[in-house]
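The values are calculated or read from the model by the stated rules, or taken from the named source; none is laboratory data. These numbers were taken from a predicted model, which means no experiment stands behind them. Here the Cβ positions follow ideal geometry from the backbone for every residue, glycine too, while neighbour counts run over all protein chains shown. SASA here: full protein model, heavy atoms, side chains in, ligands and nucleic acids out. Shrake-Rupley method; radii C 1.70, N 1.55, O 1.52, S 1.80 Å.
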Amino acid sequence: MNTSLIVIYAAIALDAVGIGLVFPILPRLLEEVTHAGPVAPLIGLMTALYAAMQFVFAPVLGALSDRVGRRPVLLVSLAGAAINYAVMAFAPHLWMLLVGRAIAGLTSANLSVATAYLTDISPPQTRARRFGLFNAMFGIGFIVGPVLGGVLGDHGVRLPFAAAAALNLANLLLALFVLPESRPPSREPIDLAALNPLRPLRWALSMKHLLPVTAVFFILSASGEVYGTCWALWGQDAFGWNGLWIGMSLGAFGVCQALAQAFLPGPAVRALGERGAIVTGIASACVALVVMAFARHGWAVFAAMPLFALAGIGVPALQALATGLVDDERQGQFQGLLASTVSLASIVGPPVYASLYLAVRADWPGAIWLFVVVAQLLVVPLVLGLRFRDGNRGPQAQRRKRPSVPTIDRSA
């Protein structure tokens, strides 16, 4: 593996580590800084702020990298990530933490630039394998992040951020000295219309048959935000978990999701069909969430992890099913629409679920998972009611014989 690939994969893994690292320790950090009451609304605010900055700046950084080159944008992003974690490690005031998370969201938008860089340096015959490693590195980082945050957080609530700052600084120095430019800067002006993150949604509103599947992706993605927003608070309130146990449980959740999405969707679609796999995944998630809602001991959460693993077949099957809704010529535009939908859900979901958790926390913290069950069940009639355009019925049937290779869902 050449040096450029090592730097790019390291950047992706560190992005994912940074996302997951915050989950186990954010409640304690906010309590230390604010000295106030319930911090659930603040967690929702910080998570939504991160997602909003990512949503707005992903197209900006992508277009900027086309204009000035990939390397300068990546270097600035890595520097911004190191600054963010340094701010989080030492910030004495809430507003400084909010600024830090805003910077983190902005710099995490470099995923689009890293994807473009990987495309630039990869010949067509190696792209599938390299993008597979790309997803794997993100998955590994997202598993390592919560565990690292939990372990270090038990020794000092600021320590995980200091460690993340040091790792990002090391990656910045590596990129500065060894990462070459992958494409020459362009003299073409930037298309300002392409910087509008809401542009794909305008297209969806003009294509009425896409609204149901857009709603499905929005609801499922918003529901997936509950884990990052409420898991740590719920673990503390329901079981008295410390940072280590919160990190271990989130890590186990990530492992189950990653393994399921890597190995189960193909056989599940062959056996059940795409709709059947989606409904089975939703049903498995609902059963696991009900177990968590009524759990009185922490071991029950780990016992429910196999059900969460089975739930992981739903989103890849949904992604395969959704491709039959548009012509091949519009697949890129359609995937952009779904990406925008997931990003918007990441903005809306955290404040909503944080408010719901605050409402039930005193009497029954586990009730938050029943709200997620309701949201998941709302999706079922939408999935069963999806209708394909006449020109897409043939390809859809072919996909049921030979299922598409699934992609990893990062929103769960």
### Message
I'd like to check something: does segment 237-251 contain any residue that is more than 30 Å from E31 (Cα to Cα) and of a type outside the set (V, I, T)?
### Response
no
#### Entry: One residue from A104, A82, A86, A116 being under 17 Å from the mean Cα position of the chain (by Cα) and in a helix (DSSP H, G or I)
A104
#### Entry: Positions within segment 180-238 being modelled with pLDDT of 75 or more, in a helix (DSSP H, G or I) and of a type in the set (D, E, K, R), in sequence order
K208, E225, D237
### Subset of segment 256-287 that is under 23 Å from I143 (Cβ atoms) and among the polar types (S, T, N, Q) - its residue that is nearest to the chain's Cα centre (by Cα)
Q257
### Task
Provide a single number: the residues in segment 121-158 that are part of a loop (DSSP other than H, G, I, E, B) and either open to solvent by 20 Å² or more (accessible area, probe 1.4 Å) or farther than 20 Å from S182 by Cβ (or both).
6
#### Entry: Positions within segment 353-374 being farther than 16 Å from E225 by Cα and open to solvent by 60 Å² or more (accessible area, probe 1.4 Å), in sequence order
A359, A362, D363, W364
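From the list F308, F334, F302, F253, which one is open to solvent by 20 Å² or more (accessible area, probe 1.4 Å), in contact (Cβ under 8 Å) with a residue 24 or more places away in the chain and either aromatic (F, W, Y) or not in a helix (DSSP H, G or I) (or both)?
None of the other options fit; the residue is F302.
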### Query
What number of residues in segment 23-45 are assigned to a loop (DSSP other than H, G, I, E, B), open to solvent by 10 Å² or more (accessible area, probe 1.4 Å) and not aromatic (F, W, Y)?
4
### Message
I'm trying to understand the selection: among the residues of segment 19-75, which are closer than 17 Å to W231 by Cβ and small (G, A, S)?
### Response
G20, A40, G44, A48, A51
### Check on L98, within 21 Å of A170 (Cα to Cα), modelled with pLDDT of 85 or more and surrounded by fewer than 20 Cβ atoms within 10 Å (Cβ to Cβ)
no
